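The values are calculated or read from the model by the stated rules, or taken from the named source; none is laboratory data. It should be emphasised that the depicted structure is a prediction, and the values quoted were computed from it without experimental measurement. Ideal geometry is used to build each Cβ from the backbone, glycine not excepted, and the neighbour counts take in all protein chains shown. With ligands, DNA and RNA removed, areas are computed over all heavy atoms of the protein, side chains included. Shrake-Rupley method; radii C 1.70, N 1.55, O 1.52, S 1.80 Å.
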Amino acid sequence: MKKLAIFASGNGSNAQQIIAYLESHPTLRIGLVVSNKENAGVLEKAEKLGIPTRVLPKPDWVNESIVLDLLKSFEIEGIVLAGFLLKIPAFLVQAFPGRILNIHPALLPKFGGKGMYGMHVHEAVKNSGDRITGITIHEVNEVYDQGKIVFQASCEVLETDTAEAIAGKVQQLEHLHFPGVVASYFAEDKA
Ligand code: GRF
């Protein structure tokens with residue numbers, strides 16, 4: 001059984017979907033959920049589903065031994081970022097080459113980069129007048145939102161859509177696609 005960790009800072013609706021989806025997978029499981037926020041909704045959701053959780057405060061995330069020892073103790077072989085708001089340190093990218101996935105709530109390379117998270121993204125899409133948005137699932141490297149794109153799905157943006165309405169359409173795409181993309185990406189044996 002290959003165990004994956006989810007890193008999340010917020011509500012955890014994507015994490016919840018992924019955990020449930022992998023419960024019936026033949027070779028993959030979520031073995032750990034880690035947050036940088038002790039009050040993150042994702043922690044309660046994971047605990048209710050019987051998944052071990054840990055909280056690492058921001059300073060710990062730059063400490064290579066704390067992070068890598070934690071992941072090693074849970075035999076983690078891959079990482080899924082599901083609304084994780086800290087930059088992934090280089091040592092983690094190097095320790096998990098081609099084995100860290102992130103989801104971004106827009107069609108990268110548009111509306112990506114530092115500061116582009118959560119409602120900021122949907123407000124930017126709204127203000128741009130674009131008639132399309134969507135999700136991007138990509139590998140994580142040392143540069144924000146610039147790893148190899150693994151999957152994209154799009155949805156229409158109506159002139160009358162508020163940023164909240166856009167967020168709702170995008171989140172539906174996330175919940176529809178992210179679990180399956182995670183499963184197919186990590187189920188392959190990466191040499
Ligand atoms: C999602 O919109 C995702 O695209 C972004 O953070 C949000 C996480 O939402 N990276 P949730 O915590 O999974 O509900």
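Apart from one condition, residue 88 fits all of (1) open to solvent by less than 50 Å² (accessible area, probe 1.4 Å); (2) more than 14 Å from the ligand (Cβ to nearest atom); the exception is (2). Scanning the range 6-42 for residues that are under 20 Å from residue 72 (Cα atoms) and within 15 Å of the ligand (Cβ to nearest atom) returns 6, 7, 8, 19, 30, 33, 34, 35, 36. Scanning the range 42-73 for residues that are among the aliphatic types (A, V, I, L, M), under 18 Å from residue 11 (Cα atoms) and part of a helix (DSSP H, G or I) turns up 42, 43, 46. Here residue 152 meets the list (1) outside any loop (DSSP other than H, G, I, E, B); (2) farther than 12 Å from residue 106 by Cα almost entirely, failing just condition (2). Just one of (1) out of contact with any strand residue (DSSP E or B) (no Cβ under 7 Å at 6 or more places or on another chain); (2) surrounded by 15 or more Cβ atoms within 10 Å (Cβ to Cβ) fails for residue 113. It is (2).
Restricting the range 129-150 to residues that are under 15 Å from residue 165 (Cα atoms) and away from the ligand (no atom under 15 Å from the Cβ) leaves a set whose member that is nearest to the chain's Cα centre (by Cα) is 132. Take the residues of the range 158-182 that are acidic (Asp, Glu) and loosely packed, with under 13 Cβ neighbours inside 10 Å: which is farthest from the ligand (Cβ to nearest atom)? So, considering only residues that are acidic (Asp, Glu) and loosely packed, with under 13 Cβ neighbours inside 10 Å, the one farthest from the ligand (Cβ to nearest atom) is 159. Pull up the range 157-184, narrow it to residues that are of a type in the set (Asp, Glu) and outside any helix (DSSP H, G or I), then point me to the one that is farthest from residue 105 (Cα to Cα). If we take residues in the range 157-184 being of a type in the set (Asp, Glu) and outside any helix (DSSP H, G or I), then 159 is farthest from residue 105 (Cα to Cα).
Of the numbered conditions (1) small (Gly, Ala, Ser); (2) open to solvent by 30 Å² or more (accessible area, probe 1.4 Å); (3) within 11 Å of the ligand (Cβ to nearest atom), residue 106 satisfies every one except a single condition; which is it? In the conditions (1) small (Gly, Ala, Ser); (2) open to solvent by 30 Å² or more (accessible area, probe 1.4 Å); (3) within 11 Å of the ligand (Cβ to nearest atom), residue 106 misses (2) alone. Annotation note: of 115, 78, 83, the sole residue that is more than 11 Å from the ligand (Cβ to nearest atom) and at positive phi is 115. Within the range 1-40, the set of residues being surrounded by fewer than 18 Cβ atoms within 10 Å (Cβ to Cβ) and more than 20 Å from residue 104 (Cβ to Cβ) comprises 1, 2, 3, 20, 23, 24, 25, 26, 27, 29, 38, 39.
Selection over the range 1-41 of residues that are polar (S, T, N, Q) and in a strand (DSSP E or B) gives a count of 1.
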